[in-house]
Every structure is written in structure tokens, then in C-alpha cells.
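This report concerns only the one structure given below.
The values are calculated or read from the model by the stated rules, or taken from the named source; none is laboratory data. Computed from a prediction, not measured in an experiment: that's the story for all the values here. Counting neighbours? That spans all protein chains shown, and the Cβs are built from the backbone with ideal geometry, glycine included.
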Amino acid sequence: MKIKADSGQLGAGSHVLSTSRYLLPATCYLLFLLVLTSCSSPQGKKYRDVNFTAQCNPLFENQLYPSLILALNHTATQTSSQSDTQSVRLYPLTLQVTAPTNDAVLRVDIDSSALNYVTIFQEILPKKGETYTFHPSVKWKYDRLRNLHQPLAIDLTLTCYINDEETAIKNIHLTARSVNECPLSFKSTQVVDTRWLFAAFVNEDHSAIPDILSDILAQGIITRLQGYQTGKAKDVTEQVFAVWYYALDRGIAYSSISCTSNPSTNTNVQHIRFFDQVLTTRQANCIDACVFFASILRKIGLRPVIVVEPCHAYLGYYTDAKRKNLQLLETTITAWVNFPKLQQSLQEDGTLPEEQFQTLTRYLTKKQIQDYRDGKMTFEQVKIAVARSLFDKASEYNRETYDANRALFADPNTISYQILDIEKLRQIVQPI
């Protein structure tokens with residue numbers, strides 16, 4: 001029906017009706033529409049004062065560390081602001097919300113990205129007006145994190161609901177770092193030490209290790225890999241030497257690639273090669289080599305440690321099951337000789353040219369030198385003799401500085417000097 005605005009009557013041929021008869025119903029209808037509109041618009045939301053915030057952990061400066069996530073994934077729990085453990089302080093995300101009512105139901109939906117699946121976080125907010133802090137466990141795509149070898153930008157979208165009503169949407173822009181980046185410490189009001197993360201790069205479960213153990217036994221230096229079973233320190237040392245000889249025979253050389261593109265000024269970060277990367281490239285710096293050796297020693301039942309000093313790390317291992325006697329090993333000394341390269345220089349009779357042999361004489365006794373020149377020692381026997389000499393040097397290389405700094409190693413407040421016991425750290429840190 002069309003109402004004439006000037007007369008209050010309908011057009012020709014229609015019944016004449018007074019508009020006053022329809023004024024009240026029309027007004028009610030319009031009010032009904034306004035109520036519906038206000039309920040569906042953001043301005044009419046019931047829960048407005050929730051003050052929802054979502055941010056990356058301030059320690060990380062919008063950098064995401066896959067190495068931390070993977071190492072600590074089995075300890076991930078949803079935690080309130082009352083907790084102050086180190087693991088909580090290292091959560092990637094922090095949420096804050098103020099309860100608009102007593103026993104309000106909070107739900108936060110985190111959209112999927114290249115590195116995570118859709119995640120739904122839910123908690124009860126008991127007290128109206130109280131502000132709560134949470135560290136949600138994100139459903140990460142762990143396989144993508146494990147294979148991330150260069151930085152990747154991602155955006156996380158978080159939607160907050162109170163009692164099933166949408167109240168806010170927040171976006172967080174992050175840069176995911178390479179999984180090889182190991183944060184050593186974060187600086188805020190105080191230094192948060194994370195050198196224990198070295199343990200995450202030790203991987204006694206690596207699929208290549210069983211074949212390596214077969215190769216070690218095939219060397220003929222030892223006949224069994226038996227850990228601490230005999231109770232004799234010399235048997236433990238001989239097993240470690242067999243691993244040492246394997247590394248020398250593969251030609252693992254020193255190579256430092258510790259720098260990263262990380263822009264953070266408050267985070268001390270180092271690039272660490274994984275076990276398989278050391279095995280494939282045959283290159284390692286001090287911590288890479290420690291990770292490589294510790295992985296194999298853990299597999300055969302020994303108890304390795306990583307000894308951390310300012311700007312350096314070296315391997316340690318206990319020669320007894322009760323951890324009373326700690327032996328040291330400077331793993332970078334494997335780079336002092338290159339057996340594969342020397343192997344390529346062998347002459348038709350299986351001997352080294354004199355020039356190449358001269359590079360080894362510093363590691364041999366006078367009798368060994370003479371025996372080789374007289375044909376009483378083979379090249380393989382010379383290699384083992386050289387390896388033992390280097391092993392002895394590597395065992396004593398750090399002893400003086402270690403003994404001089406025993407008090408610092410024993411002080412839990414001194415983070416620059418630490419003994420990282422891999423077995424103990426396995427309680428919180430898993431292999432990546």
C-alpha cells in the first residue's frame with residue numbers, strides 16, 4: 001500500500017484510512033528492527049570491556065624459534081600468570097583478557113598459517129573485573145618447523161569470544177627463524193639463559209646411528225659397544241676413542257658458520273648444525289662437533305656432557321656410571337689431520353709420499369716413524385697411532401682451564417660456565 005504524504009489518504013479507488021490507526025504498530029515494527037540491528041552490530045556487543053590483547057613473547061621481539069618449540073613441545077601446557085617458571089617465560093604467545101562477568105567462558109580461536117593448524121584455546125574466567133594472562137599451546141605443524149632452514153614471515157589471527165560472543169580480533173606478525181638457530185640467551189630486565197638448548201641438537205635417536213655403530217665395530221678397535229657394563233674406566237675410554245677414530249676417518253673438519261641474519265639486539269643466537277648435517281658435510285665447529293659426538297655416546301649408553309665456557313664449548317664424558325670421573329675432549333682437534341685426503345695420496349705400494357708422511361710425524365713416536373719407513377707398519381696402523389696421539393692431546397687440551405674454573409662451573413648463578421648433562425636435561429629438552 002502507498003500512503004499519500006500530504007493527505008494521509010490512499011490513492012484513487014482505494015478505501016480512505018486514517019494513518020493514526022497504524023502509527024503504534026509501525027513504530028513497534030521500527031523499534032524491533034532497531035533492536036535486531038543493534039544486537040548484530042559491533043557497537044551493540046554485550047561484552048565490550050574485556051581488554052583482549054595478544055602478543056608475541058616480548059623476549060623474542062616478534063621472532064619465532066622453531067628450535068625452542070620443538071625442544072619443549074612435550075612440556076607445553078596452558079598456564080596462568082601466577083606461574084613464573086622458565087618454560088612459561090619462553091612461550092611464544094601471551095594473551096590477556098579482563099573478565100566481564102563471573103565465570104565467563106573465554107575462547108580464543110587461532111587461525112591456521114603456514115606453520116600451525118587451527119587452534120582453539122578455552123578457559124573459565126572466575127572473577128568479574130580480574131585480568132587474566134595465558135600462554136596458549138598452539139597446534140604447530142612440527143614437520144614444517146623441523147624442516148625450516150631459512151626465515152619465514154607468518155601472520156597469526158586470533159579471535160576472542162566471551163560466552164560464545166565474538167568480542168575482538170587481533171593479528172600478530174612474526175618471523176619464524178631457521179630451525180638451526182639456537183638462542184643462547186635473551187636480555188630483558190635480566191638475562192634469561194637458554195644454553196641448555198644445546199641438548200636439543202643432540203639426537204641419540206637419529207636413524208643413521210645404527211649404521212655408524214656397525215662401521216665403528218668394523219674398524220676393529222673394539223669388539224663390543226657396552227657402555228658402563230664392565231665397570232672399567234679404560235673400557236669406556238676405548239669406546240670413546242673408537243668414536244673419535246670414526247670421526248677422523250670420515251675427515252670431519254673444523255668450519256665455523258655461527259652467524260645468522262637475526263635482527264634482534266637482545267638475543268644471543270648461534271647457528272648449529274644437526275647430526276646429519278655434520279655427517280653429510282663433514283664440517284663442524286666446536287658445538288657442532290660436541291652435538292655429533294654426544295649423540296653417538298648417548299646411543300651406546302655413555303653419559304656425555306657439554307662443557308660451556310665463554311665463546312667456546314667442548315665435550316665431556318663420565319668414565320663411570322656414578323658420574324665421579326669426568327674426562328674432557330676437545331672435539332675440534334679432529335681437524336688437525338685429514339685421513340680421507342691422505343688416503344687419496346697413497347702410492348701404488350700403499351705408502352704415503354714422504355711429503356705427506358711428514359705432516360703426520362709430529363703425532364708419532366720415533367719408533368713408529370722408523371717402523372713405517374721400514375715397512376713394519378701399514379698406513380691403517382699409522383692412522384690409528386696418529387688418532388691415539390690426537391685423542392690424548394684432545395683429552396688434556398682443556399684440563400687446565402677446566403680445573404682453574406671449577407668454582408665457576410659449580411656456581412648456578414654463573415651462566416658463562418656450565419656443564420650441560422644431556423641425560424639430566426632430557427627431562428625437559430627433547431631432541432629436535
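Below is a table of values for the structure above.
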read-out	value
Close pairs (6 angstrom Cβ cut-off, 6 or more residues apart or separate chains): on the phi < 0 side of the Ramachandran plot in the stretch 180-192, in a strand (DSSP E or B) and among the hydroxyl-bearing types (Ser, Thr, Tyr) anywhere	183/267; 186/267; 191/185
The stretch 309-352 - residue that is outside any loop (DSSP other than H, G, I, E, B) and over 29 Å from the mean Cα position of the chain (by Cα) and, of those, surrounded by the fewest Cβ atoms within 10 Å (Cβ to Cβ)	344
Pairs, first within 12 Å of residue 281 (Cα to Cα) and among the aliphatic types (A, V, I, L, M) in the stretch 243-266, second at pLDDT 75 or above and assigned to a loop (DSSP other than H, G, I, E, B), C-beta under 8 Å, six or more apart	252/282; 253/282; 253/338
Single residue of 94, 131 found to be among the polar types (S, T, N, Q) and within 20 Å of the chain's Cα centre (by Cα)	94
Considering residues of the stretch 407-432 that are part of a helix (DSSP H, G or I) and at pLDDT 95 or above only, the residue surrounded by the fewest Cβ atoms within 10 Å (Cβ to Cβ)	407
Test set (1) under 25 Å from residue 63 (Cβ atoms); (2) touching a Gly at 6+ places or on another chain (Cβ under 7 Å) - residue 282 fails condition number	(1)
From the options 85, 37, 77, 27, residue that is loosely packed, with under 15 Cβ neighbours inside 10 Å, at pLDDT 50 or above and either out of contact with any strand residue (DSSP E or B) (no Cβ under 6 Å at 6 or more places or on another chain) or of a type outside the set (Lys, Arg) (or both)	27
Hits in the stretch 239-259 - residues which are modelled with pLDDT of 95 or more and either among the hydroxyl-bearing types (Ser, Thr, Tyr) or more than 32 Å from the chain's Cα centre (by Cα) (or both)	245, 246
Pairs with Cβ under 7 Å, 6+ apart, first in the stretch 313-339 and without any contact (Cβ under 8 Å) to a residue 12 or more places away in the chain and farther than 14 Å from residue 246 by Cα, second among the aromatic types (Phe, Trp, Tyr) and assigned to a strand (DSSP E or B)	none
Single residue of the stretch 260-276 satisfying the filter (in contact with a strand residue (DSSP E or B) (Cβ under 7 Å, 6 or more places away or on another chain) and part of a loop (DSSP other than H, G, I, E, B)) that is modelled with the lowest pLDDT	260
Some residue of the stretch 277-286 being charged (D, E, K, R) and either assigned to a helix (DSSP H, G or I) or without any contact (Cβ under 8 Å) to a residue 24 or more places away in the chain (or both)	no
Among (1) buried (at least 16 other Cβ atoms within 10 Å of the Cβ); (2) assigned to a helix (DSSP H, G or I) - the single one residue 234 does not satisfy	(1)
Criterion: out of contact with any Cys (no Cβ under 8 Å at 6 or more places or on another chain) and not acidic (Asp, Glu) - qualifying residue of 170, 127	127
Residue that is nearest to residue 317 (Cα to Cα), among those in the stretch 258-304 that are surrounded by 18 or more Cβ atoms within 10 Å (Cβ to Cβ) and basic (Lys, Arg)	303
Among the candidates 292, 275, residue that is farther than 18 Å from residue 235 by Cα and in contact with a His (Cβ under 6 Å, 6 or more places away or on another chain)	275
Pair list, Cβ < 8 Å and 6+ apart or interchain, from the stretch 203-222 residues that are part of a helix (DSSP H, G or I) to residues that are basic (Lys, Arg)	209/299; 213/299; 217/224
Of all residues making up the stretch 117-151, the number that are touching a helix residue (DSSP H, G or I) at 6+ places or on another chain (Cβ under 9 Å) and part of a strand (DSSP E or B)	1
Per-region count, the stretch 291-308, residues of a type in the set (D, E, K, R) and either within 14 Å of residue 429 (Cβ to Cβ) or part of a helix (DSSP H, G or I) (or both)	2
Test for residue 161: is it more than 29 Å from the chain's Cα centre (by Cα), of a type in the set (Ser, Thr, Tyr), assigned to a strand (DSSP E or B) and in the same structural domain as residue 90 (by TED's automatic domain parsing)	yes
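Residues checked against (1) farther than 21 Å from residue 270 by Cβ; (2) exposed (fewer than 15 other Cβ atoms within 10 Å of the Cβ); (3) β-branched (Val, Ile, Thr):
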residue: 134; (1), (2), (3): yes, no, no
residue: 138; (1), (2), (3): yes, no, yes
residue: 156; (1), (2), (3): yes, no, no
residue: 180; (1), (2), (3): no, no, no
